[in-house]
Amino acid sequence: MHGEEPGLDHARTRPGGWRGRLRENPATRHAYLVGVFVAGLLCIALGLALVVLPGPLTIPPMLLGLWIWSWEFRFAEKIFDEFQEKGQAAWEEAKRRPVVAGVTSVGGIVLAGVVVWAVLSYDLVDKGRDAVGL
């Protein structure tokens with residue numbers, strides 16, 4: 001399309017939709033793109049901040065951030081599409097072997113619960129702070 005900026009992908013936007021109207025209007029175009037970038041960045045930063053917690057809590061906000069970025073940025077769309085393909089393959093494998101998938105999922109939840117219990121029961125956060133001098 002004539003006049004498009006490199007790296008932007010408009011394929012996911014319906015013609016005449018609210019995102020298309022914001023993008024087409026010169027007065028709102030840059031503010032919209034900055035807003036999309038900041039919203040995605042905040043979600044990804046939240047996911048990175050959650051890395052310190054046990055379990056899969058970091059994954060949903062990071063995927064949400066990628067999904068938001070994929071609205072407008074080709075690099076994010078490619079990464080998000082790859083995650084979708086891997087997720088679909090994992091789902092198909094889980095349906096093919098439901099007992100293994102169930103045991104793995106329950107085991108992960110139990111392990112996360114044990115870690116949370118140990119951290120809370122033995123004041124491991126305070127002991128860790130004392131160990132590093134905070």
Completion exercise
Quick count over region 41-65, residues being touching a Cys at 6+ places or on another chain (Cβ under 8 Å) and more than 24 Å from Ser105 (Cα to Cα), is 1
Problem - In region 58-69, the residues that are surrounded by 17 or more Cβ atoms within 10 Å (Cβ to Cβ) and either hydrophobic (A, V, I, L, M, F, W, C) or farther than 17 Å from Ala45 by Cβ (or both) - result: Met62, Leu63, Leu64, Leu66, Ile68, Trp69
Completion exercise
Among Arg74, Arg23, the single one that is within 19 Å of the chain's Cα centre (by Cα), on the phi < 0 side of the Ramachandran plot and of a type in the set (Lys, Arg) is Arg74
Handout entry: Unique residue being of a type in the set (Val, Ile, Thr), in contact with a Leu (Cβ under 7 Å, 6 or more places away or on another chain) and assigned to a helix (DSSP H, G or I) when the list is Ile44, Ile109, Ile79, Ile68
Key = Ile79
Problem - Output for region 94-108, where each listed residue is surrounded by 11 or more Cβ atoms within 10 Å (Cβ to Cβ) and either β-branched (Val, Ile, Thr) or under 30 Å from Gly40 (Cα atoms) (or both) - result: Ala94, Val100, Val103, Thr104, Ser105, Gly108
Practice task
State whether one or more residues within region 75-97 are touching a residue at least 60 places away in the same chain (Cβ under 8 Å), under 30 Å from Arg19 (Cβ atoms) and among the aromatic types (Phe, Trp, Tyr).
Solution key: yes
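Throughout, read-outs are computed from the coordinates displayed, never taken from laboratory work. Note that the coordinates shown come from a computational prediction; the quantities given were computed from them, not determined experimentally. Neighbour counts run over all protein chains shown; Cβ positions are idealised from the backbone, glycine included.
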